[in-house]
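The values are calculated or read from the model by the stated rules, or taken from the named source; none is laboratory data. Here the structure is a predicted model, which is why all the values come from computation and not from measurement. As a convention, Cβ positions derive from the backbone with ideal geometry for all residues, glycine included, and neighbour counts pool all protein chains shown.
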Amino acid sequence: MFAYIVRRILATIPVMAIVALFVFSLLYIAPGDPAAVIAGDQATPADVERIRASLGLDRPYLVRFGAWLWDILRGDLGTSIFTNLPVATMIQQRIEPTLSLMIVTLILAVSIAVPMGVVAAWRQGTWVDRAVMGFAVLGFSVPVFVVGYVLAYVFALELDWLPVQGYTPFSRGFGPWIENLILPAVALGSVYIALIARITRATMLEVLQQDYIRTAKAKGVGQRSILFMHALKNAAVPIVTVIGIGIALLIGGAVVTESVFAIPGLGRLTVDAILRRDYPVIQGVVLLFSFIYVLVNLAIDLAYTLFDPRIRY
Amino acid sequence: MALLEVENLQTHFRTPDGINRAVDGVNFHVNAGETVAIVGESGCGKSVTAMSILRLIPEPPGKIAGAIRFNGKNLLDASDKEMRAIRGNEISMIFQEPMTSLNPVLTVGRQIGETLRLHQGLSAQAAEDRAVEMLKLVGIPEPQRRVKEYPHQLSGGMRQRVMIAIALACNPKLLIADEPTTALDVTIQAQILELMRDLKHRVGAAIVLITHDLGVVAEVAERVIVMYAGRKVEEAAVGPLFRNPRHPYTQGLLGSMPKLGSSLTGEETRLAEIPGLVPSLKKKIPGCVFASRCPKVTDLCTQYAPALEEKAPGHVAACHYALREEVVAA
């Protein structure tokens, strides 16, 4: 088990290297020039060229990539072109709101979606099932920003139950913190809920056909215990897998959600950095996100052993 | 009063192309402590009969009618809660597939203990202690260690022993065993049968044994019910049934059993078989259900269904041509 964890963490290194190359190349190919942005509208081509040289952007592709990679290996994500702050510091300042949003969304989504899927499978073919599936289709097809604006309009502007936008740090207390996160979490979570509920339903339908469910019934086990004790644990592996894969949805959605609800997190940082072609920041954030994704999926693989005794590493 | 009385049991399934009459008007009873075998080939309604007793048939598409009286109480009128209190407690069941009938993600001890906690209100610790005793009772070595293991760590024979332990944990009055040995190796089959017989004497439970293996029937049953196409076609004590089968279907079943040495001495080296298949149960059959495969069929058989008649004391059969005792004697 321990050897497996070490091996998996070591295996993330080549993955991260490929991600790094990919991110770097993408930005290299993409149009736009930070030097021109810094220089402004009035600058002469010579000025732009001078700024570009001072940023090191005139060097060849491989040299730039090599220098960047070397810095990362030493634990240095570089310095923002615009703020002159270290990228690591900028990420540190912005990481709390994003992590808060993602964790709250994750908990909310799993605790809503899994029971929804279980009940839909149990009541297959009834109006409950159809309602859940209808909601799932809706959750898939309506974009995050639409859900976000509708929620903000209804629950914040009209009903005045929750704040419209913004973020309160956790250090100022759980109440204000969660108040600001509920609407963004619901908006961000709707796709995620739809995904998890569908997989839960499909897997549960299959598990409920199994012989051991019939055995449990023959033992006199009650309906709730059959669903949540005997069946759900058997359905856990695919559900947990989809929860892990869905983290990618959360990362992508967080960027949009943070813009809609004016949350000063990594998503906003990314959008601003892309608009200004702030390469070191973009690269740093993307690298961080992919690292989180890889780690979450490692945790998911390890979680399999909790649910299925037949899986051992 | 018999422990279990099944009266005009009809279990029908609604299917896209008509109603499947899996069990169509079956009557039988089981006395306390008695072993009754229900035999017949695949698709004759044996398993559906067994599942109907515990009401494990999903409704819909299934529909159970008639009466199933257990200790005088009609189980078809019982509420879900009353049924749950009976299942695994007073009536328990062993299934055919030991490889898939145990939950793969729960320990053996937990699965045995669950019925005890549910029906006898035992604490988790007491249930586990009792599970160890049950494992010892069904002959599993190192029960202390096994109780913490998962089904995939056990062999097929051991899993069926665990199923038996689960079924017997609450000392049921009736045990329904649906082909308990079919999926096992021949040597293991003999062990499991031996175990069931031994435990039956200790626990004193009545057994309804569903099987298509007549060798098993001869070994453990006291009374035999022969089913065909959702109906009972013959019933008798095990001795008379094997010595003097009345219904052509039973005769065919017995004729298709290999006999030791028969291929060496007899002229027939080929095993006898009953030609054809069980008819579709989606159409009402006007005459005798076995008419389409019966070697003695006449016009009478295809037009009028024969009633179950007592051909000899305690020996009933549904056939126009099966001889009555007096006639045989005369």
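Of all residues in the range B:94-103, those satisfying the criterion of being surrounded by fewer than 24 Cβ atoms within 10 Å (Cβ to Cβ) and more than 7 Å from chain A (Cβ to nearest Cβ) are B:Q96, B:M99. Among the candidates A:M204, A:M229, the residue that is facing chain B (nearest Cβ under 10 Å) and of a type outside the set (S, T, N, Q) is uniquely A:M229. Filtered by the rule that a residue be farther than 21 Å from A:G32 by Cα, assigned to a helix (DSSP H, G or I) and either outside the structural domain of A:A35 (by TED's automatic domain parsing) or touching a residue at least 40 places away in the same chain (Cβ under 8 Å) (or both), the range A:58-78 gives A:L69, A:I72.
Against the numbered list (1) farther than 23 Å from B:R117 by Cα; (2) crowded, with 18+ Cβ neighbours inside 10 Å; (3) in contact with a Lys or Arg (Cβ under 8 Å, 6 or more places away or on another chain), B:A183 comes up short only at (3).
Per-residue answers, yes or no, for (1) within 13 Å of chain B (Cβ to nearest Cβ); (2) assigned to a helix (DSSP H, G or I); (3) more than 21 Å from the chain's Cα centre (by Cα); (4) small (G, A, S):
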residue: A:K217; (1), (2), (3), (4): yes, yes, yes, no
residue: A:V221; (1), (2), (3), (4): yes, no, yes, no
residue: A:L249; (1), (2), (3), (4): no, yes, no, no
residue: A:G267; (1), (2), (3), (4): no, yes, no, yes
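In the range B:101-127, the residues that are more than 16 Å from A:K233 (Cβ to Cβ) reach residues that are of a type in the set (F, W, Y) and modelled with pLDDT of 85 or more with C-beta atoms within less than 6 angstrom, at least six apart or across chains, in these pairs: B:S101/A:Y212; B:S101/B:F95. Of A:V104, A:V110, A:V144, A:V132, all but one fail to be crowded, with 19+ Cβ neighbours inside 10 Å and in contact with a Ser or Thr (Cβ under 9 Å, 6 or more places away or on another chain); the exception is A:V144.
Results for (1) more than 14 Å from chain B (Cβ to nearest Cβ); (2) under 12 Å from A:S80 (Cβ atoms); (3) not small (G, A, S), shown as yes or no for each residue.
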{"residue": "A:A273", "(1), (2), (3)": "yes, yes, no"}
{"residue": "A:R276", "(1), (2), (3)": "yes, yes, yes"}
{"residue": "A:Y279", "(1), (2), (3)": "yes, yes, yes"}
{"residue": "A:V286", "(1), (2), (3)": "yes, no, yes"}
{"residue": "A:Y293", "(1), (2), (3)": "yes, no, yes"}
{"residue": "A:L298", "(1), (2), (3)": "yes, no, yes"}
{"residue": "A:L302", "(1), (2), (3)": "yes, no, yes"}
{"residue": "A:T305", "(1), (2), (3)": "no, no, yes"}
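All told, A:T215 falls short of being over 23 Å from B:A50 (Cβ atoms) and among the β-branched types (V, I, T). Among the candidates A:R277, A:R310, the residue that is at pLDDT below 85 and buried (at least 18 other Cβ atoms within 10 Å of the Cβ) is uniquely A:R277. Screening A:L195 with (1) hydrophobic (A, V, I, L, M, F, W, C); (2) modelled with pLDDT of 85 or more; (3) farther than 22 Å from A:V296 by Cβ gives one miss only, at (3).
Each row is one residue, and each column tells you yes or no for (1) of a type in the set (A, V, I, L, M); (2) in contact with a Ser or Thr (Cβ under 7 Å, 6 or more places away or on another chain); (3) surrounded by 15 or more Cβ atoms within 10 Å (Cβ to Cβ); (4) free of Cβ contacts under 8 Å to residues at least 40 places away in the same chain.
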site	(1), (2), (3), (4)
A:G56	no, no, no, yes
A:W127	no, no, no, yes
A:G139	no, yes, yes, no
A:L157	yes, no, no, yes
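In the range B:74-93, the residue that is surrounded by the fewest Cβ atoms within 10 Å (Cβ to Cβ) out of those that are assigned to a loop (DSSP other than H, G, I, E, B) and within 8 Å of another protein chain (Cβ to nearest Cβ) is B:N89.
In the range B:43-64, how many are closer than 22 Å to B:L175 by Cα, more than 18 Å from the chain's Cα centre (by Cα) and either crowded, with 21+ Cβ neighbours inside 10 Å or more than 11 Å from chain A (Cβ to nearest Cβ) (or both)? Residues that pass the stated criteria total 0.
Yes/no per residue for (1) more than 9 Å from every other protein chain (Cβ to nearest Cβ); (2) under 22 Å from B:A32 (Cα atoms); (3) not in a strand (DSSP E or B):
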{"site": "B:I68", "(1), (2), (3)": "yes, yes, no"}
{"site": "B:V105", "(1), (2), (3)": "no, no, yes"}
{"site": "B:E114", "(1), (2), (3)": "no, no, yes"}
{"site": "B:R117", "(1), (2), (3)": "yes, no, yes"}
